[in-house]
Protein chains: 2
Amino acid sequence: MTDVNQTLLARLAKPADTKMVLLVLDGVGDLQTADQPQTALGAAALPNFDALATRSALGRLVAVMQGVTPGSGPGHLGLFGYDPRSPEADFGRGILEALGLALEIGPGDVAIRGNFATADADGNLTDRRAGRISTEEGRRVCAKIAPALAEFSSPSFEIHPGEGYRFVLLIRGDGLSAAVADTDPQNTEVPPLEPRALAPEGEHTIELLRPALAKILAAIADEPQANRVLLRGFSKLPTLPKMNELYKLRLGAFAGYPLYRGVASACGMEVVPCAKRFPEILDTVAERWDDFDFFFIHVKQTDQAGEDGDLGAKVAVLEEVDAALPRLLELGPDVLAVTGDHSTPAPMKAHSWHPIPLLLHGPRCYIDGSSEFTENAATVGHIGTIPSRDLVGLMLANADRLGKYGA
Amino acid sequence: MTDVNQTLLARLAKPADTKMVLLVLDGVGDLQTADQPQTALGAAALPNFDALATRSALGRLVAVMQGVTPGSGPGHLGLFGYDPRSPEADFGRGILEALGLALEIGPGDVAIRGNFATADADGNLTDRRAGRISTEEGRRVCAKIAPALAEFSSPSFEIHPGEGYRFVLLIRGDGLSAAVADTDPQNTEVPPLEPRALAPEGEHTIELLRPALAKILAAIADEPQANRVLLRGFSKLPTLPKMNELYKLRLGAFAGYPLYRGVASACGMEVVPCAKRFPEILDTVAERWDDFDFFFIHVKQTDQAGEDGDLGAKVAVLEEVDAALPRLLELGPDVLAVTGDHSTPAPMKAHSWHPIPLLLHGPRCYIDGSSEFTENAATVGHIGTIPSRDLVGLMLANADRLGKYGA
């Protein structure tokens with residue numbers, strides 16, 4: 001990643017005795033439509049956010065680019081100051097599947113997304129998804145495989161069941177490479193492909209993988225459906241420049257769900273175990289207040305309510321956060337940014353590309369006359385509409401953590 | 001062109017059964033000044049646009065960058081999702097002149113913009129514009145040249161009269177290069193320059209051009225004024241990635257004037273012959289409604305009125321478009337964007353850099369409370385002020401034609 005803005009910020013970053021909080025209300029942005037005349041922020045009673053808005057600057061974030069709907073990975077990378085369009089910021093499919101299963105992944109580990117498949121007596125595939133076996137069946141087959149993998153230790157292998165016929169194979173050890181091609185031939189009537197290196201450094205990993213793969217196949221040889229595995233999306237955590245090094249910060253991630261912890265960890269944050277709802281997360285934040293300069297707090301339930309198309313539930317989550325907000329303010333953050341990683345409008349029941357409202361509170365914010373934290377107020381707020389990846393710079397500046405550029 | 005945004009959109013694009021209309025009111029944006037207190041959009045009575053605005057999102061487009069006044073080429077390239085600042089998106093002067101004359105240009109053809117000029121008995125130029133001969137005179141001289149060029153076939157040469165002393169020389173064939181320097185010495189009292197290659201691949205084209213040039217000069221040797229030619233702006237159609245391939249679309253261009261048809265064609269649109277005024281263009285759009293996913297409709301007269309400094313004429317064009325708008329809406333486009341390729345403020349009698357108002361109507365638009373389609377309403381609209389090249393992404397997203405980016 002040689003992002004010009006990130007490089008410049010890193011060059012200007014300086015230590016300071018200030019504390020920043022990035023409160024991410026996942027999917028907070030919503031729509032006004034003919035059928036839904038008010039957004040969740042508009043409909044909710046948020047006296048504490050409203051009061052904060054009168055002392056803050058509002059604006060909007062565009063996560064990736066106009067029109068592009070981000071997944072949670074790109075959405076958060078933007079909030080953390082990375083350009084989510086960069087190929088280096090691309091999280092591989094194996095890693096994403098593993099993060100989604102709440103697996104802890106080390107920087108050297110390789111994660112693989114696997115399918116169970118069916119082959120006939122000649123070894124040719126008859127079903128690349130093993131008849132779409134149930135999640136329960138998948139768990140049973142994985143449990144059969146696990147003991148066979150237990151004998152490997154350097155590297156070690158772990159198999160974790162996913163949904164239905166899917167699983168994650170994790171290889172943990174040193175000197176591993178993800179430069180290995182998928183073994184899925186994308187066709188039936190042929191055998192699975194042998195693992196093939198995509199670059200010379202993949203050969204060693206394949207040598208390590210081969211005996212484990214043999215054990216896996218031996219363990220499931222008598223299965224009527226799941227008697228083969230197809231391995232896809234070999235990947236490692238992206239090697240991103242770390243926020244702690246770039247900006248001379250101690251960063252703590254307070255997220256109740258694994259995907260967000262995984263992305264935060266890959267960006268140089270310390271993951272702090274915590275509960276899933278904002279009031280309880282706040283307890284943990286308070287306990288660790290002295291340990292960090294930057295607190296990433298993630299609230300998942302706004303997104304879940306949006307995905308369910310349940311405006312009332314989204315409103316209730318926002319009101320729960322609002323009620324607990326004074327406790328966050330009492331901790332005395334110098335800078336508080338409240339926003340989302342993307343919009344999840346209830347009428348769409350899905351993530352969307354619409355700009356995300358942002359509230360930025362700090363001693364050097366322009367108090368722009370906003371009296372509420374809503375999409376409408378944010379549209380005409382002082383910060384304007386900016387890329388998500390520009391937020392970190394605004395937070396650092398407000399926290400007096402950026403020197404002047406040039407004389 | 002390796003524009004990161006365009007590449008990302010192309011990667012996410014997916015087919016859908018939706019229809020999009022991009023209605024370009026050329027030069028629609030205008031100014032409020034002390035002497036012109038209302039813009040054309042502000043002064044016009046536009047009941048149908050006003051009603052549409054109450055169900056739409058407004059915003060503004062910046063065609064190239066702040067302060068840069070675009071010609072029609074860059075203005076439209078931006079609307080079509082290209083970065084008009086890219087050198088690859090540069091339409092050469094020969095090509096633009098040829099497109100302006102409605103000439104069909106193949107991907108390998110070279111277009112040259114020519115001047116007739118006058119030389120004395122020694123061959124030195126006395127007038128680089130042949131005494132600004134009339135268009136009629138120019139036509140007569142071109143007609144004298146045409147038979148002399150008819151004997152060439154590989155490549156073939158065509159001369160097409162333009163305005164006054166100007167003409168277009170088209171070379172059609174294979175293996176041609178545009179890497180040839182202008183033969184205009186930019187001075188009198190010297191002869192025209194010999195064609196000179198700007199790169200090795202230009203040499204072959206010059207060899208092919210030389211006998212044709214000799215025939216041209218022989219044909220006009222006895223002319224009192226137009227007895228020389230100066231050749232400028234050797235150029236080929238830019239090899240742009242095509243919108244139909246990038247976004248998996250069938251695109252139709254409905255434009256009454258050649259330049260816009262030429263740019264649309266170079267971007268992968270099918271050019272549909274049509275009339276010059278919006279009500280008649282709409283008839284053709286209706287006839288071809290089943291054939292395309294994306295309809296580019298170009299209305300020229302707003303720009304012409306602006307160039308004339310005639311606010312009243314600009315208002316009248318807008319009211320003509322407004323009156324016919326219901327017929328467009330009845331066709332049932334899923335997404336309708338109304339905007340311009342640039343502003344042409346009447347007080348300036350010229351193109352300008354001012355942001356262009358945008359109205360975006362679709363099922364996933366944020367209804368932002370606008371009650372009119374004007375520059376003032378657009379300034380505070382939900383879309384904000386964005387580059388023209390971001391519009392395509394918003395249209396595709398609203399038409400449900402973009403997949404999610406990352407997990």
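The values are calculated or read from the model by the stated rules, or taken from the named source; none is laboratory data. Since this is a predicted model, take the numbers as computed values, not measurements. All Cβ positions, even for glycine, are placed from backbone atoms using ideal geometry, and neighbour counts span all protein chains on display.
I'd like to check something: does the stretch B:153-162 contain any residue that is part of a loop (DSSP other than H, G, I, E, B), without any contact (Cβ under 8 Å) to a residue 24 or more places away in the chain and more than 28 Å from the chain's Cα centre (by Cα)?
Looking for residues that are part of a loop (DSSP other than H, G, I, E, B), without any contact (Cβ under 8 Å) to a residue 24 or more places away in the chain and more than 28 Å from the chain's Cα centre (by Cα), one finds at least one in the stretch B:153-162, hence yes.
Checking residue A:375 against (1) farther than 24 Å from residue A:251 by Cβ; (2) over 27 Å from the mean Cα position of the chain (by Cα), which single condition isn't satisfied?
(2)
Only one of (1) buried (at least 19 other Cβ atoms within 10 Å of the Cβ); (2) at pLDDT 95 or above; (3) in contact with a helix residue (DSSP H, G or I) (Cβ under 9 Å, 6 or more places away or on another chain) is not met by residue B:240, so which one is it?
Against the list (1) buried (at least 19 other Cβ atoms within 10 Å of the Cβ); (2) at pLDDT 95 or above; (3) in contact with a helix residue (DSSP H, G or I) (Cβ under 9 Å, 6 or more places away or on another chain), residue B:240 comes up short only on (2).
For a quick check of your reading of the model, give me the residue pairs whose first member lies in the stretch A:46-71 and is assigned by TED's automatic domain parsing to the domain that holds residue A:372, whose second is among the basic types (Lys, Arg), with beta-carbon atoms closer than 8 Å and at least 6 apart or on different chains.
Partner pairs satisfying both residue conditions: A:64/A:85; A:65/A:85; A:69/B:404; A:70/B:404; A:71/B:404.
On the given criteria, is residue A:354 more than 22 Å from residue A:279 (Cα to Cα) and either at pLDDT 95 or above or away from chain B (no Cβ under 14 Å) (or both)? Even if it seems obvious, please write down each step before you answer.
Values: more than 22 Å from residue A:279 (Cα to Cα): yes; either at pLDDT 95 or above or away from chain B (no Cβ under 14 Å) (or both): yes.
Yes; evaluated as a whole, the condition is true for this residue.
Please go through the stretch A:58-76 and give me each residue that is assigned to a helix (DSSP H, G or I), at pLDDT 95 or above and either surrounded by fewer than 24 Cβ atoms within 10 Å (Cβ to Cβ) or within 9 Å of chain B (Cβ to nearest Cβ) (or both), ordered by number. Give the steps one after another, and end with the answer.
Initial filter on the stretch A:58-76 (assigned to a helix (DSSP H, G or I)): A:72-76.
After this cut, where a residue has to be at pLDDT 95 or above as well, the list is A:75-76.
Within the stretch A:58-76, just A:75 meets the criteria.
Restricting attention to the stretch B:134-152, report how many residues are outside any helix (DSSP H, G or I) and either of a type in the set (A, V, I, L, M, F, W, C) or surrounded by 17 or more Cβ atoms within 10 Å (Cβ to Cβ) (or both).
2
Taking the criterion of being in contact with a helix residue (DSSP H, G or I) (Cβ under 6 Å, 6 or more places away or on another chain) and either closer than 20 Å to residue B:9 by Cα or assigned by TED's automatic domain parsing to the domain that holds residue B:36 (or both), would at least one residue in the stretch B:280-287 satisfy it? Can you show your working first?
Taking the stretch B:280-287 and keeping what is in contact with a helix residue (DSSP H, G or I) (Cβ under 6 Å, 6 or more places away or on another chain), we get B:282.
Remaining after also requiring either closer than 20 Å to residue B:9 by Cα or assigned by TED's automatic domain parsing to the domain that holds residue B:36 (or both): B:282.
Yes, some residue in the stretch B:280-287 is in contact with a helix residue (DSSP H, G or I) (Cβ under 6 Å, 6 or more places away or on another chain) and either closer than 20 Å to residue B:9 by Cα or assigned by TED's automatic domain parsing to the domain that holds residue B:36 (or both).
Here are the criteria: (1) assigned to a helix (DSSP H, G or I); (2) without any contact (Cβ under 8 Å) to a residue 60 or more places away in the chain. Tell me which single one residue A:37 does not satisfy.
(1)
Just to be sure I understand, how many residues within the stretch A:122-133 are in a helix (DSSP H, G or I) and under 24 Å from residue A:211 (Cβ atoms)? Steps first, answer last, please.
The initial filter retains those residues of the stretch A:122-133 that are in a helix (DSSP H, G or I), namely A:130-132.
Subset that is under 24 Å from residue A:211 (Cβ atoms): A:130.
Number satisfying all stated conditions: 1.
For the stretch A:95-121, give me each residue that is closer than 18 Å to residue A:216 by Cα and either in a loop (DSSP other than H, G, I, E, B) or outside the structural domain of residue A:225 (by TED's automatic domain parsing) (or both).
Scanning the stretch A:95-121 gives A:120, A:121.
Return a yes/no flag: does the stretch A:346-357 have any residue that is in a loop (DSSP other than H, G, I, E, B), without any contact (Cβ under 8 Å) to a residue 40 or more places away in the chain and surrounded by fewer than 17 Cβ atoms within 10 Å (Cβ to Cβ).
no
Report yes if some residue within the stretch A:360-373 is touching a helix residue (DSSP H, G or I) at 6+ places or on another chain (Cβ under 7 Å) and within 13 Å of another protein chain (Cβ to nearest Cβ); otherwise report no.
no
Within the stretch B:114-132, how many residues turn out to be in contact with a Phe, Trp or Tyr (Cβ under 8 Å, 6 or more places away or on another chain) and buried (at least 19 other Cβ atoms within 10 Å of the Cβ)?
5
Considering the stretch A:306-315 alone, what residues qualify as being in contact (Cβ under 8 Å) with a residue 24 or more places away in the chain and surrounded by fewer than 24 Cβ atoms within 10 Å (Cβ to Cβ)?
Correct list: A:307, A:308, A:309, A:310, A:311, A:315.
Given the options A:196, A:232, A:261, A:228, name the one that is at pLDDT 95 or above and closer than 24 Å to residue A:87 by Cα.
Numbers: A:232 fails: at pLDDT 95 or above; A:261 fails: at pLDDT 95 or above; A:228 fails: closer than 24 Å to residue A:87 by Cα.
After applying the criteria, what remains is A:196.
Within the stretch A:185-207, take every residue that is touching a residue at least 40 places away in the same chain (Cβ under 8 Å) and surrounded by 19 or more Cβ atoms within 10 Å (Cβ to Cβ) and give me the one that is nearest to residue A:138 (Cα to Cα).
A:192
Quick one: residue B:382 ticks every box in (1) touching a helix residue (DSSP H, G or I) at 6+ places or on another chain (Cβ under 8 Å); (2) surrounded by fewer than 24 Cβ atoms within 10 Å (Cβ to Cβ); (3) of a type outside the set (Ser, Thr, Tyr) except a single one, so which number is it?
Result: residue B:382 passes all but (2).
Would you be able to tell me the number of residues in the stretch B:1-57 that are under 28 Å from the mean Cα position of the chain (by Cα), surrounded by fewer than 17 Cβ atoms within 10 Å (Cβ to Cβ), within 14 Å of chain A (Cβ to nearest Cβ) and of a type in the set (S, T, N, Q)?
Residues flagged as under 28 Å from the mean Cα position of the chain (by Cα), surrounded by fewer than 17 Cβ atoms within 10 Å (Cβ to Cβ), within 14 Å of chain A (Cβ to nearest Cβ) and of a type in the set (S, T, N, Q) within the stretch B:1-57 amount to 2.
How many residues does the stretch B:389-407 contain that are in contact with a Pro (Cβ under 8 Å, 6 or more places away or on another chain) and either within 8 Å of chain A (Cβ to nearest Cβ) or assigned to a helix (DSSP H, G or I) (or both)?
So the answer is 5.
Got a number for residues in the stretch B:220-276 being in contact with a Ser or Thr (Cβ under 8 Å, 6 or more places away or on another chain) and part of a helix (DSSP H, G or I)?
Counting residues in the stretch B:220-276 that are in contact with a Ser or Thr (Cβ under 8 Å, 6 or more places away or on another chain) and part of a helix (DSSP H, G or I) gives 3.
With the requirement that a residue be touching a residue at least 60 places away in the same chain (Cβ under 8 Å), in contact with a strand residue (DSSP E or B) (Cβ under 9 Å, 6 or more places away or on another chain) and surrounded by fewer than 18 Cβ atoms within 10 Å (Cβ to Cβ), what does the stretch A:258-295 give you?
Result: A:289, single match.
Determine which member of the set B:221, B:264 is of a type outside the set (Phe, Trp, Tyr), out of contact with any Cys (no Cβ under 6 Å at 6 or more places or on another chain) and in the same structural domain as residue B:137 (by TED's automatic domain parsing).
Numbers: B:264 fails: in the same structural domain as residue B:137 (by TED's automatic domain parsing).
Only one candidate passes the filter, namely B:221.
State which residue is surrounded by the most Cβ atoms within 10 Å (Cβ to Cβ) when the search covers only the stretch A:100-113 and only residues that are more than 14 Å from chain B (Cβ to nearest Cβ) and touching a Ser or Thr at 6+ places or on another chain (Cβ under 9 Å).
A:112
I need every pair where a residue in the stretch A:72-87 that is more than 15 Å from residue A:4 (Cα to Cα) and touching a residue at least 60 places away in the same chain (Cβ under 8 Å) has its Cβ under 6 Å from the Cβ of a residue that is buried (at least 24 other Cβ atoms within 10 Å of the Cβ) and small (Gly, Ala, Ser), sequence separation at least 6 or different chains.
If the second residue must be buried (at least 24 other Cβ atoms within 10 Å of the Cβ) and small (Gly, Ala, Ser), the pairs left are A:75/A:63; A:79/A:388.
Among the residues that make up the stretch A:80-99, is at least one of them under 25 Å from residue B:57 (Cβ atoms), within 17 Å of the chain's Cα centre (by Cα) and either within 13 Å of another protein chain (Cβ to nearest Cβ) or surrounded by fewer than 24 Cβ atoms within 10 Å (Cβ to Cβ) (or both)?
Checking the stretch A:80-99: at least one residue is under 25 Å from residue B:57 (Cβ atoms), within 17 Å of the chain's Cα centre (by Cα) and either within 13 Å of another protein chain (Cβ to nearest Cβ) or surrounded by fewer than 24 Cβ atoms within 10 Å (Cβ to Cβ) (or both).
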